[in-house]
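The values are calculated or read from the model by the stated rules, or taken from the named source; none is laboratory data. Quick caveat, the model's predicted, so the values are computed rather than measured. Neighbour counts run over all protein chains shown; Cβ positions are idealised from the backbone, glycine included. Surface areas here come from the heavy atoms of the whole protein model, side chains and all, with no ligands, DNA or RNA. Shrake-Rupley method; radii C 1.70, N 1.55, O 1.52, S 1.80 Å.
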Amino acid sequence: MIHLYALGSGSGGNAFLIDGPDGMLLLDAGFSTRELTRRAGLLKLDLGRLAGIALTHEHGDHASGARRLARRHGVPIVATDGTLRALALAADEPRATLRSASIIEIGPFQLESCRTLHDAAEPTAVVIETSGVRVGLAYDLGRPTMGLRHLLRLCDAVVIEANYDDVMLRTSNYPASVQHRIAGSGGHLSNRAAAELLTDLWHDGLSVVMLAHLSKQCNDPEVARRTVLDLLAPLGFRGTLAVAAQDVPVGPIPVAPSYARIRTAPQFELELT
Ligand SMILES: [Zn+2]
Ligand SMILES: [Zn+2]
């Protein structure tokens with residue numbers, strides 16, 4: 001069993017945290033070190049238990065507090081080669097490199113990644129496994145690729161971008177060019193696109209979905225929830241559907257290893273013997 005937290009999410013900053021029995025992993029650090037520490041304090045989380053800080057990409061709303069926080073706690077920044085280069089780390093700042101199709105270990109956490117479509121150096125989605133639980137996180141992406149669907153397979157919990165509602169974007173004050181950029185293949189996922197991706201990812205063990213990176217101008221938490229639930233509930237989803245907020249932390253959300261995977265693993269071994 002692990003606990004998932006959203007310290008905050010939106011264009012003003014993104015940070016999520018996985019708290020397991022043997023350590024914590026921060027996923028993105030898009031607030032100041034002081035703000036990240038304050039929010040962790042509100043949740044009674046001790047950042048001294050951090051094993052590392054994984055970053056999806058170098059944009060400020062995902063990485064602004066990472067270097068100072070990593071230095072303060074003596075933990076590595078874990079990111080793709082392109083993201084690490086964009087951050088221009090000094091020689092003495094510890095780091096670990098995420099590579100597509102390979103798994104790296106950071107303390108008790110195993111990380112897999114895959115490239116996403118976004119206007120950054122080498123943006124990535126990540127999957128973290130620890131204590132038998134598999135958590136996926138993907139946002140700031142224009143559209144889901146086959147690689148992303150493969151990465152996010154069989155997750156117990158998925159944190160997924162639900163950036164905008166199609167109608168609210170079209171009727172917003174944004175000029176047409178900005179609307180196109182947001183909805184384009186290098187932009188952001190709509191509520192509808194997130195819901196459709198989640199139906200592709202659906203399996204019995206998917207027990208937690210957290211919607212993330214909601215636009216303040218072009219989305220509404222209840223609209224996002226409803227759009228996703230309308231597609232997921234008919235498939236049998238009865239789990240936790242949470243919406244990460246920009247200004248207040250959300251959590252703890254417990255995530256247990258899915259029964260489906262526990263069930264299938266021993267059967268598979270039995271068949272082999
Ligand atoms: Zn970005
Ligand atoms: Zn972002």
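I want to verify the translational diffusion coefficient of region 35-152 in µm²/s; compute it with Stokes-Einstein, Rh as the Kirkwood radius over Cα pairs, at 25 °C and 0.890 mPa s.
On the way: Rh = 14.8 Å.
Taking Rh from Cα pairs, D becomes 166 µm²/s.
So, with a 1.4 angstrom probe, what is the percent of accessible area on region 2-272 that is carbon and sulfur?
Heavy-atom surface of region 2-272 belonging to carbon and sulfur, 1.4 Å probe: 53 percent.
Give me a comma-separated list of calculated 3J(HN,Hα) values for region 174-185, in order, Karplus coefficients 6.51, -1.76, 1.60 applied at θ = phi - 60°, integers in Hz, x for any Gly or Pro.
My calculation for region 174-185 gives 4, x, 4, 5, 5, 4, 5, 5, 4, 8, x, 6 Hz in order.
I'd like the distance between the alpha-carbon centres of region 139-211 and region 49-73, rounded to an integer number of Å.
With region 139-211 and region 49-73 each reduced to a Cα centre, they are spaced 24 Å.
Which whole-Hz ³J(HN,Hα) couplings does region 42-58 yield from phi under the Karplus relation 6.51 cos²θ - 1.76 cosθ + 1.60, θ = phi - 60°, glycine and proline marked x?
For region 42-58, the Karplus-derived couplings read 4, 8, 6, 9, 9, 5, x, 8, 4, 9, x, 10, 8, 10, 7, 5, 8 Hz, x marking Gly and Pro.
Please compute the Kirkwood hydrodynamic radius of the chain from all pairs of different C-alpha atoms, in Å with one decimal.
About 18.6 Å, per the Kirkwood formula over Cα pairs.
Would you please give the residues with an amide H less than 5 Å from that of residue 80, counting only those at least 5 places away or on a separate chain, with H modeled from the backbone geometry?
98
Counting each pair of different Cα atoms once, what's the Kirkwood radius of region 1-63 in Å, rounded to one decimal?
The Cα-based Kirkwood calculation yields 11.5 Å.
Quick one: length gained pulling residue 97 to residue 177 fully straight, 0.36 nm per residue minus the C-alpha distance?
The residue 97-residue 177 span can extend by a further 25.3 nm.
Set the Förster radius R0 to 45 Å, insert the Cβ-Cβ distance between residue 34 and residue 233 as r into 1/(1 + (r/R0)^6), and round the FRET efficiency to 0.05. Before the final figure, lay out the partial values.
Numbers: r = 40 Å, r/R0 = 0.90.
Efficiency for this residue pair is about 0.65.
Taking only Cα atoms and a 10 Å spring cutoff, compute GNM fluctuations for the chain and point out the largest among 244, 86, 54.
86
Please list 3J(HN,Hα) in residue order for region 111-126, calculated via the Karplus relation 6.51 cos²θ - 1.76 cosθ + 1.60 where θ = phi - 60°; whole Hz, with x for glycine and proline.
These are the phi-based 3J(HN,Hα) values: 10, 10, 8, 8, 4, 10, 8, 6, 7, 10, 4, 7, x, 8, 9, 10 Hz.
Which percent, to the nearest 5, of DSSP beta bridges fully inside region 2-272 are antiparallel?
Taking every DSSP beta bridge with both residues in region 2-272, the antiparallel ones total about 55 percent.
What is the Rg over Rh value, at two decimals, for region 93-172, using alpha-carbon atoms and the Kirkwood definition of Rh?
Checking Rg against Rh, the ratio lands at 1.04.
DSSP beta bridges in region 1-108, what fraction antiparallel, as a percent rounded to 5?
Antiparallel bridges: around 50 percent, rounded to the nearest 5.
Using the Kirkwood radius over Cα pairs, work out the Stokes-Einstein diffusion coefficient for region 130-215 at 37 °C and 0.692 mPa s, in µm²/s as a whole number.
Reported coefficient: 244 µm²/s.
Please compute the per residue accessible area over the chain with all protein chains in place, 1.4 Å probe, rounded to a whole number of Å².
Normalised by residue count, the accessible surface of the chain is 44 Å².
Out of residues 5 or more away from residue 243 or on other chains, whose amide H comes under 5 Å of its own, with H placed 1.01 Å from N in the peptide plane?
Those qualifying (amide H under 5 Å, at least 5 residues apart or on another chain) are 211.
State to the nearest 20 debye the size of the charge dipole of the chain about its Cα centre, where the only charges are +1 on K and R beta carbons and -1 on D and E beta carbons.
380
Quote the convex hull volume per residue of region 116-273, based on C-alpha atoms, as a whole number of Å³.
Residue-normalised Cα hull volume stands at 126 Å³.
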